[in-house]
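Structure, as structure tokens:
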């Protein structure tokens, strides 16, 4: 696949387009019969997308957006590389691989989500610490950021490697059923599934990822879309920022929407549990200063594992003025 890297010049042109156009004209031009195709996960990491859809935030900004749901950021990335979606919510591992192997580029953040990942053991498994995982079967969605942090950071902290456990590749949404059915002894999961296991008395949360990784969750874009449909992208980002404000200003409303989404998926999670879950994530569209060093380290890890063949130049990719311009507009 040909690559179209997003440069600082590309991003600045996009920001200039936002600030130069009058608001009404910008909204009119953002309208398109062809929707921006947006994908997110059916986990806590997709909660901003759930609220944006329920509150019709994209239409309010004059943008036509089609919603696509996936089981993981890895699946979102694969859909982006295959050009089946234009914008997607991604963990760091899928995002890096999307940058290297496709046309994906970061355009904003969704959240920082270290506390939403957890290692959960079966209640009767006898597992009470990470060291107890030795020789056990662990459910994990291989290729996800949750899996990468578990294997590269959590296990080594306790003197283990992936050779000391049996990794069972399972989708996040299937972890609780696999734990209940006895096909795994524990899982490395993402909310709400750890909370589902705990609140239903099926498992014990051993540890979350907060002490191991800040777990950035990204909003990625196929870079040609930013070049060709800047007006629509700017409208999308305005809606994205406004949705994150809902999380901060009216958290009860956000919790109600997210609970309804998981109920439709067939999971029984109390409103209180959802509120606790959302309290574990830092919804924030902006880049924090340490992201460049973080991405270099994560890229080096993937290079050492031969998952990528080169480390991207992250500085121009993170030189992104778009969110700050939207905040000031």
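Considering only the stretch 136-149, I want to know if a residue exists there that is surrounded by fewer than 19 Cβ atoms within 10 Å (Cβ to Cβ), modelled with pLDDT of 95 or more and out of contact with any strand residue (DSSP E or B) (no Cβ under 9 Å at 6 or more places or on another chain).
For the stretch 136-149, residues surrounded by fewer than 19 Cβ atoms within 10 Å (Cβ to Cβ), modelled with pLDDT of 95 or more and out of contact with any strand residue (DSSP E or B) (no Cβ under 9 Å at 6 or more places or on another chain): absent.
If you scan the stretch 206-240, which residues turn out to be touching a helix residue (DSSP H, G or I) at 6+ places or on another chain (Cβ under 8 Å), part of a helix (DSSP H, G or I) and surrounded by fewer than 19 Cβ atoms within 10 Å (Cβ to Cβ)?
227
Is one or more of the residues making up the stretch 299-321 within 20 Å of the chain's Cα centre (by Cα), within 25 Å of residue 196 (Cα to Cα) and surrounded by fewer than 19 Cβ atoms within 10 Å (Cβ to Cβ)?
No, every residue in the stretch 299-321 fails to be within 20 Å of the chain's Cα centre (by Cα), within 25 Å of residue 196 (Cα to Cα) and surrounded by fewer than 19 Cβ atoms within 10 Å (Cβ to Cβ).
Could we say that residue 85 is buried (at least 24 other Cβ atoms within 10 Å of the Cβ), in contact (Cβ under 8 Å) with a residue 24 or more places away in the chain and in contact with a strand residue (DSSP E or B) (Cβ under 9 Å, 6 or more places away or on another chain) here? Break it down stepwise before answering.
Numbers: buried (at least 24 other Cβ atoms within 10 Å of the Cβ): yes; in contact (Cβ under 8 Å) with a residue 24 or more places away in the chain: yes; in contact with a strand residue (DSSP E or B) (Cβ under 9 Å, 6 or more places away or on another chain): yes.
It is true that residue 85 is buried (at least 24 other Cβ atoms within 10 Å of the Cβ), in contact (Cβ under 8 Å) with a residue 24 or more places away in the chain and in contact with a strand residue (DSSP E or B) (Cβ under 9 Å, 6 or more places away or on another chain).
So, of the residues in the stretch 183-205 that are surrounded by fewer than 21 Cβ atoms within 10 Å (Cβ to Cβ) and touching a strand residue (DSSP E or B) at 6+ places or on another chain (Cβ under 8 Å), which turns out to be nearest to residue 262 (Cα to Cα)?
Residue satisfying both the conditions and the ranking: 198.
Residue by residue through the stretch 153-172, note down the ones that are assigned to a helix (DSSP H, G or I) and free of Cβ contacts under 8 Å to residues at least 24 places away in the same chain.
Listed by number, the residues that qualify are 156, 162, 163.
With respect to residue 268, is the statement that it is more than 18 Å from the chain's Cα centre (by Cα) and in a helix (DSSP H, G or I) true?
In short, no.
Can you give me the number of residues within the stretch 51-64 that are surrounded by fewer than 22 Cβ atoms within 10 Å (Cβ to Cβ), in contact (Cβ under 8 Å) with a residue 60 or more places away in the chain and touching a strand residue (DSSP E or B) at 6+ places or on another chain (Cβ under 8 Å)?
Residues in the stretch 51-64 being surrounded by fewer than 22 Cβ atoms within 10 Å (Cβ to Cβ), in contact (Cβ under 8 Å) with a residue 60 or more places away in the chain and touching a strand residue (DSSP E or B) at 6+ places or on another chain (Cβ under 8 Å): 1 in total.
Mind listing just one residue for me: the one in the stretch 98-113 that is modelled with pLDDT of 95 or more and surrounded by fewer than 21 Cβ atoms within 10 Å (Cβ to Cβ) and, of those, farthest from residue 282 (Cα to Cα)?
Only one residue fits best here, namely 100.
Give the residues of the stretch 283-298 that are under 21 Å from residue 245 (Cα atoms) and crowded, with 18+ Cβ neighbours inside 10 Å, sorted by residue number.
283, 284, 285, 287 - these are the residues of the stretch 283-298 that are under 21 Å from residue 245 (Cα atoms) and crowded, with 18+ Cβ neighbours inside 10 Å.
The values are calculated or read from the model by the stated rules, or taken from the named source; none is laboratory data. Note that this is a predicted model, so its numbers are computed, not measured. Here Cβ is always computed from backbone atoms with ideal geometry, including for glycine, and neighbour counts include all displayed protein chains.
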